Amino acid sequence: MSAAGLERASVRLAGRAVLDQANLSIEPGEVVGVVGPNGAGKTTLLRALLGLVPLAGGTASLGGRRVGLLKEAERAALAAYLPQERRIAWSLPVWRIAALGAVDRPSPAARQAALVALARVGMADLAERGVLEMSGGERARALLARLLATRAPLLVADEPVSGLDPDAQLLALELLREEAGAGRAVIVTLHDLTLAARACDRLVVLRAGQVVADGPPLEALRPEILRAAFSLDGSLQETPAGLVLAARRL
Amino acid sequence: MSAGRLSALLVLALLVLAATAIAFGEAPLSGVQYVQAFRAPSSPPGEVLWALRAPRVVAAAVVGGALGLAGAVMQGLLRNPLAEPGVLGVSAGGGLGAAAAIALGLAVVPGAIEGAALAGALLAGLAVIVAAARFREPETLILFGVALSAFAGALTALVFNLSLSPMATRDILSWLMGSVANRDWGDVAWALAPMALGAGLCAYAARGLVMMTLGEEAAALSGLPMARMRAASVAGAALLTGAAVAAAGVIGFVGLVAPHLVRGAVRHDPARVLLPSALAGAILLVAADLVGRILPTEVELKLGVVTALFGAPLFALIAARVARSWRA
C-alpha cells in the first residue's frame with residue numbers, strides 16, 4: 001500500500017490552476033524529490049497531499065485513506081510535516097521544539113525522542129538553549145529534529161535544506177535517507193537539482209502546476225525536461241563524486 | 001525555576017500584598033481597632049476591613065488575574081508578544097454594552113450594567129471566533145480585532161453623542177475609566193462564574209498554544225484538535241475579559257504586561273506561562289488599586305488611569321525589548 005498519493009488532483013487559487021490533475025504515489029522506503037521552478041506548485045502539491053488545501057478535483061490519500069475524511073489525530077499518525085515557514089514565535093528551549101514532534105507520547109519519552117533527534121542533527125549540546133537565540137541554520141536543524149522525532153510513516157519536508165550550509169544540507173538529506181532506509185516514506189521539495197538527483201530515488205518535476213516528469217533522477221531530469229521545465233540547456237552527468245548538473249541558461 | 005515554584009512564590013507575594021492592601025487605606029486604623037476588627041467583624045472597624053476593603057482587594061485580584069490570563073492566551077494564540085485582551089475588540093464590546101445600559105437609564109436595575117457589559121464583550125467574542133475560524137493568519141485576526149474595536153468605539157461615541165443627560169455621560173466616562181471601588185462580595189461572586197469557565201477553556205487550549213509556536217501549518221499536522229482549541233482559546237479569553245470589564249470597567253495594560261514579567265522564568269513556554277501570568281496580573285492590579293487609594297489626591301485615582309500611567313511606559317519598554325529579540 002502506498003504511503004501517500006494524488007490522483008488527478010487539482011488545486012485552484014484565485015481562479016488559477018496551481019496544481020493541475022497531478023498524479024503521484026509515494027511508497028514506503030523511498031525518497032521522492034519534488035523539483036520545479038518558482039511558482040510551479042511544489043508547496044501546493046505537498047499541501048494537497050496533506051489536506052491543507054481544498055482540492056478542486058481529484059483525490060489525495062494518506063495510507064490508502066482519503067485525506068479529507070481523516071480526523072486530525074489520524075492524519076498526524078499518517079504524516080508529519082516540516083513547512084517552509086520557519087518563523088518560531090517563542091524562544092522555547094531547543095529540546096522543547098524537537099519534542100513537539102512527540103506530543104503523542106508522555107513527556108519523559110517525548111524528551112528522550114527529542115534528545116535523540118537533536119543528537120542526529122548535531123545539536124545535542126545546544127538542547128537547553130533558547131531557539132530564538134540561535135542562527136537561522138540552527139533553527140532549521142532544530143525544526144528538522146522535530147520532524148525526525150515524529151513516528152509518522154510519511155515525512156513531508158518543504159525546502160528542508162534552504163538556508164543551511166553545504167555540510168548541513170548533506171547531513172539533512174542523509175538523515176532523511178536514513179529514515180527511508182528504516183521504512184518511512186519521504187517526500188521533499190528541493191531547489192538544488194544536483195542535490196535532488198543525488199539524494200532522491202525518484203524525482204517529480206513540476207511546471208505550471210503539472211507533473212511533467214516522474215522517475216529516477218537521470219530520466220526525470222533528461223535534457224528535454226530541463227529545457228521545458230527549467231529553461232536550462234544541459235544535462236545530469238555522472239562523475240566519480242556522483243551526479244552533477246551541468247547546464248546554462250537558454 | 002519551575003512553573004510550579006514560580007507560581008508558589010507569586011501566590012505568596014499576592015497574599016502578602018493583599019493583606020497589606022486590606023490593612024492600609026484612606027481611613028487609618030489604630031492597633032486597638034485592628035484587634036476589634038478581628039474579634040468582631042460587624043464592628044465599625046470590622047466593616048471597614050471586611051465589607052469595604054477586602055471585597056475591593058479581592059475584586060482587584062480576580063479582575064487582574066482574569067486580564068493576565070486572557071493576555072497570555074491572546075499572545076499565545078496570535079503568536080505576538082504585544083497582543084493583549086483588548087486587541088480583538090472584546091474590551092471595547094464590553095465598554096459599549098455598559099455605556100448603552102447607562103445611557104438607557106438601566107443603572108438603577110441591579111446587575112444591568114454588568115450584564116450588558118458581559119453581553120457586549122461576548123458578542124464581540126463571538127464575532128472574533130467566527131473570524132478566527134475563517135482567517136488562520138494571526139495578522140488578519142489582529143486587523144479584524146482593530147476594526148471591531150474601532151467600530152465598538154464609534155458606537156460608544158455615538159452613545160455619548162446622543163445621550164441627553166450629562167449625568168449619564170459622566171457615569172459612562174467614569175465607568176469606562178475602570179475601578180473596583182465599592183465592590184461587595186456579591187459583585188466578586190458574580191464575576192467569578194464566567195471567569196472560571198473562561199479559565200477552564202484556556203486550560204483546555206494550552207497544549208494547542210504550545211503547538212502554535214511553530215505556526216498554523218505545523219500545528220495543523222500535530223494531531224491536536226487545533227480548530228477546537230483555537231475556538232476555545234478565543235472563547236476563554238473573551239469570557240475572562242468580558243467578566244473583567246463587567247466587574248471593573250475597561251482596564252488596560254495589565255493583560256499586556258503581566259505575561260512579560262513571568263515569561264522568561266518559564267522559558268517562554270506559552271502553556272506554562274498561563275498560571276503565573278494570571279497571578280502576576282492579580283498582583284499588578286491589587287498594587288495599582290492600592291497606589292490609587294493611598295496617593296493623597298483630592299479625588300481618588302481611577303484604577304484604569306493608574307494602570308495606563310504605569311503600563312504605557314512599560315509597554316514601550318517591552319516593545320523595545322521585543323524589537324531587539326527580532327533583530328537577533
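Every read-out reported here was derived from the displayed coordinates using simple, explicitly stated rules and does not represent laboratory data. All values reported here derive from a predicted model rather than from experimental measurement. Ideal geometry is used to build each Cβ from the backbone, glycine not excepted, and the neighbour counts take in all protein chains shown.
Listing for the model above:
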| read-out | value |
| --- | --- |
| Selected residue (only one of B:G252, B:G311, B:G264 is surrounded by fewer than 24 Cβ atoms within 10 Å (Cβ to Cβ) and either over 24 Å from B:I22 (Cα atoms) or over 16 Å from the mean Cα position of the chain (by Cα) (or both)) | B:G264 |
| Residue satisfying all of: in region B:164-185; more than 16 Å from B:L303 (Cβ to Cβ) and among the polar types (S, T, N, Q); nearest to the chain's Cα centre (by Cα) among these | B:T169 |
| Lone unmet requirement of (1) in contact with a helix residue (DSSP H, G or I) (Cβ under 6 Å, 6 or more places away or on another chain); (2) away from chain A (no Cβ under 14 Å); (3) over 27 Å from B:A61 (Cβ atoms) for B:R136 | (2) |
| Residue tally, condition surrounded by 12 or more Cβ atoms within 10 Å (Cβ to Cβ) and in contact (Cβ under 8 Å) with a residue 24 or more places away in the chain, over region B:24-51 | 4 |
| Subset of region A:89-112 (residues that are among the aliphatic types (A, V, I, L, M), buried (at least 21 other Cβ atoms within 10 Å of the Cβ) and farther than 14 Å from B:M211 by Cβ) | A:V94 |
| Residue within region B:64-79 that is under 30 Å from B:E137 (Cα atoms) and in a loop (DSSP other than H, G, I, E, B) present | yes |
| Test: B:G153 is of a type outside the set (D, E), within 14 Å of chain A (Cβ to nearest Cβ) and assigned to a helix (DSSP H, G or I) | no |
| Residue that is nearest to the chain's Cα centre (by Cα) [pool: residues in region A:88-137 that are closer than 23 Å to A:L173 by Cβ, assigned to a loop (DSSP other than H, G, I, E, B) and within 11 Å of chain B (Cβ to nearest Cβ)] | A:I88 |
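Residue-by-condition table, conditions (1) touching a residue at least 40 places away in the same chain (Cβ under 8 Å); (2) surrounded by fewer than 23 Cβ atoms within 10 Å (Cβ to Cβ); (3) away from every other protein chain (no Cβ under 14 Å):
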| position | (1), (2), (3) |
| --- | --- |
| B:W175 | yes, no, yes |
| B:G178 | yes, no, yes |
| B:A181 | yes, yes, yes |
| B:D184 | yes, yes, yes |
| B:W190 | yes, yes, yes |
| B:P194 | yes, yes, yes |
| B:G198 | yes, no, yes |
| B:L201 | no, yes, yes |
| B:L209 | yes, no, no |
